[in-house]
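Working notes for the structure below.
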Amino acid sequence: MKLGFIGTGAITEAIVTGLLRAQADVTEILVSERSSVISARLADASDRVRICSDNQDIVEGSELVVLAIRPQDAHAALSPLRFSEGQHVCSLIATVEAETLADWIGTPLDIFRAIPLPSVAALSGVTALFPYDPVGEKVFGPLGTVIGAKTLDEFDAYATASSLMGTYFGILELAAEWLRENGAERDAAQNYLNAVFLGLTKTGSEADGTPFETLREEHSTPGGLNEQMFATFISSGGAAALTTALDAVADRVRKARQCRS
Ligand SMILES: NC(=O)c1ccc[n+]([C@@H]2O[C@H](COP(=O)([O-])OP(=O)(O)OC[C@H]3O[C@@H](n4cnc5c(N)ncnc54)[C@H](OP(=O)(O)O)[C@@H]3O)[C@@H](O)[C@H]2O)c1
């Protein structure tokens, strides 16, 4: 398959790195020349990667065109391009619906949307698709797990939940600082927390459908420290803070959708 990327930023670099690492069934990868540091790095990594100075060449030379530009750049970048009717397109552009993209482009397209995460570079990503598309599975499957959302609301909810990435590291930072203030070397604190959470992530993913609630109970001796930690976290507003943050981001995603429709 020939893949083309309009926009060669952080997520394109992660996807292309993953595809090369996975030795995926991709014969040619076309990338935008703009963002020349990343495009040159990708072209250096494989002779299957070709840099195009004109986005139109990417559209015409690809079986699947991946839109990987920021939402605020999308209209200006896409409206001059000429796509063929029914052309296969994968949009990574957050909050912009497929209908809006087709409207900007002015041609009916075969579009699916995807939310790959940076860990696709290490082949441990999870990518939500809407609608499910077998070509999307072919591209993102080798880079980790693929989830087909059944509705746009479900897809938007994955987009919201994926925004917890920064919070995850933010919480680890708070815990590492706490450990440092209580006697640990900063590096030791970070290594310790990485190991604790790596172990828990492994346990959770190997637990084959066991609810998180059950895993929490299994990791909490009655009357013990883990039980106390979670109870204190909840009674101090931890759950409310998380739900409020999820609702706020979901609201932003919903409003962005409504404002363009
Ligand atoms: N990063 C993630 O984890 C992630 C995950 C899922 C989805 N997404 C979505 O993917 C899209 C890209 O995200 P990103 O993090 O990769 O952003 P990014 O690092 O800012 O990359 C966007 C790239 O597009 C380039 N660009 C802008 N206008 C262009 C044009 N007309 N032609 C060609 N290239 C152009 C930008 O170049 P300049 O810097 O020169 O403007 C920049 O290199 C966003 O819509 C984002 O919501 C990102």
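Each reported figure results from applying straightforward, stated rules to the coordinates on display, with no laboratory input. This one's a predicted model, so the numbers in the text were calculated from it and none came from an experiment. All Cβ positions, glycine included, derive from the backbone under ideal geometry; neighbour counts span all protein chains shown.
In the stretch 25-39, which residue that is assigned to a loop (DSSP other than H, G, I, E, B) and within 12 Å of the ligand (Cβ to nearest atom) is nearest to the chain's Cα centre (by Cα)?
The qualifying residue nearest to the chain's Cα centre (by Cα) is 35.
Residue check: is residue 137 under 25 Å from residue 162 (Cα atoms), more than 9 Å from the ligand (Cβ to nearest atom), part of a helix (DSSP H, G or I) and in contact with a strand residue (DSSP E or B) (Cβ under 6 Å, 6 or more places away or on another chain)? It would help to see each step written out before you state the result.
Working: under 25 Å from residue 162 (Cα atoms): yes; more than 9 Å from the ligand (Cβ to nearest atom): yes; part of a helix (DSSP H, G or I): yes; in contact with a strand residue (DSSP E or B) (Cβ under 6 Å, 6 or more places away or on another chain): yes.
For residue 137, the condition - under 25 Å from residue 162 (Cα atoms), more than 9 Å from the ligand (Cβ to nearest atom), part of a helix (DSSP H, G or I) and in contact with a strand residue (DSSP E or B) (Cβ under 6 Å, 6 or more places away or on another chain) - is met.
Looking only at helices (runs of 4 or more DSSP H) that lie completely in the stretch 191-261, which have at least 1 residues being under 26 Å from residue 152 (Cα atoms)?
212-218, 238-260
Might you check whether a residue that is among the hydrophobic types (A, V, I, L, M, F, W, C) and touching a Leu at 6+ places or on another chain (Cβ under 7 Å) occurs anywhere in the stretch 212-228?
No, the stretch 212-228 has no match at all.
Please go through the stretch 229-253 and give me each residue that is in contact with a helix residue (DSSP H, G or I) (Cβ under 7 Å, 6 or more places away or on another chain) and under 17 Å from residue 71 (Cα atoms), ordered by number.
Once the filter is applied, which keeps residues that are in contact with a helix residue (DSSP H, G or I) (Cβ under 7 Å, 6 or more places away or on another chain) and under 17 Å from residue 71 (Cα atoms), the stretch 229-253 yields 249, 250, 253.
Could you identify the single residue in 135, 139 that is farther than 25 Å from residue 250 by Cα, among the hydrophobic types (A, V, I, L, M, F, W, C) and within 16 Å of the chain's Cα centre (by Cα)? Break it down stepwise before answering.
Values: 135 fails: within 16 Å of the chain's Cα centre (by Cα).
Checking each option against the conditions leaves just 139.
If only one of 94, 74, 14 is of a type in the set (Gly, Ala, Ser), part of a loop (DSSP other than H, G, I, E, B) and within 8 Å of the ligand (Cβ to nearest atom), which one is it?
Criteria check complete, one pass: 94.
Check residue 137 against each of (1) surrounded by fewer than 18 Cβ atoms within 10 Å (Cβ to Cβ); (2) in contact (Cβ under 8 Å) with a residue 24 or more places away in the chain; (3) farther than 18 Å from residue 17 by Cβ and name the one condition it does not meet.
(2)
Output the qualifying pairs, or none if there are none: Cβ atoms under 8 angstrom, residues six or more apart or on different chains, first residue in the stretch 182-205 and of a type in the set (Phe, Trp, Tyr), second residue part of a helix (DSSP H, G or I) and surrounded by 10 or more Cβ atoms within 10 Å (Cβ to Cβ).
Close Cβ pairs satisfying both conditions: 192/179; 197/172.
Hey, can you tell me all the residues within the stretch 97-127 that are of a type in the set (S, T, N, Q) and more than 26 Å from residue 145 (Cα to Cα)?
Going through the stretch 97-127, the residues of a type in the set (S, T, N, Q) turn out to be 100, 107, 119, 124, 127.
Once the filter is applied, which keeps residues that are of a type in the set (S, T, N, Q) and more than 26 Å from residue 145 (Cα to Cα), the stretch 97-127 yields 100, 107.
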